[in-house]
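The values are calculated or read from the model by the stated rules, or taken from the named source; none is laboratory data. Keep in mind it's a predicted model, so treat the numbers as computed, not measured. All Cβ positions, glycine included, derive from the backbone under ideal geometry; neighbour counts span all protein chains shown. The area values use the complete protein model at the heavy-atom level, side chains included, leaving out ligands, DNA and RNA. Shrake-Rupley method; radii C 1.70, N 1.55, O 1.52, S 1.80 Å.
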Amino acid sequence: MHKHVEWDEPGRDSVLAHFANHPEQLVEPRPGDILSARYEGTIVRVKVEAWVEGTSIGEVAAIIAMDNGRRLKSHGKLALGDTVRLPDDKRALEPEPGAAEDDDEE
């Protein structure tokens, strides 16, 4: 059973926006790949088990505090080991460690 997650918008770290000018470089996630997303102000890494029609299905492999990089066992209703669905439009690039989240478009 998948845990329903309301992912944060990736903002300036959007994977799809990053590859918008070079879509041929964007590859479909494969089993074993690690993807990142944002959830309630944290970075969540998801280990892909399957990819179906623009959505990755996988296990939460890490939850990381954005401000200090501290690893968490849970945050909100999400915990390590949960199985989740991660739509491609919610995928995010990894920020630089300690970088403050700033979703404002420049």
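In region 56-63, the condition of being more than 16 Å from ASP89 (Cα to Cα), open to solvent by 10 Å² or more (accessible area, probe 1.4 Å) and in a strand (DSSP E or B) is met by at least one residue.
Only a single item in (1) in contact with a helix residue (DSSP H, G or I) (Cβ under 9 Å, 6 or more places away or on another chain); (2) open to solvent by less than 70 Å² (accessible area, probe 1.4 Å); (3) part of a strand (DSSP E or B) is not met by ASP8, and it is number (3). Only one of these conditions is not met by GLY32: (1) loosely packed, with under 14 Cβ neighbours inside 10 Å; (2) part of a loop (DSSP other than H, G, I, E, B); (3) at negative phi. Which number is it? With respect to (1) loosely packed, with under 14 Cβ neighbours inside 10 Å; (2) part of a loop (DSSP other than H, G, I, E, B); (3) at negative phi, GLY32 is out only on (3). Consider region 45-75 and keep the residues that are without any contact (Cβ under 8 Å) to a residue 40 or more places away in the chain and β-branched (Val, Ile, Thr). The one that is farthest from TRP7 (Cα to Cα) is VAL52. Give the residue that is surrounded by the most Cβ atoms within 10 Å (Cβ to Cβ), with candidates limited to residues of region 41-55 that are closer than 20 Å to ASP88 by Cβ and not aliphatic (A, V, I, L, M). Ranking the qualifying residues of region 41-55, first place goes to THR42. For region 39-54, the criterion of being modelled with pLDDT of 95 or more and part of a loop (DSSP other than H, G, I, E, B) is met by at least one residue.
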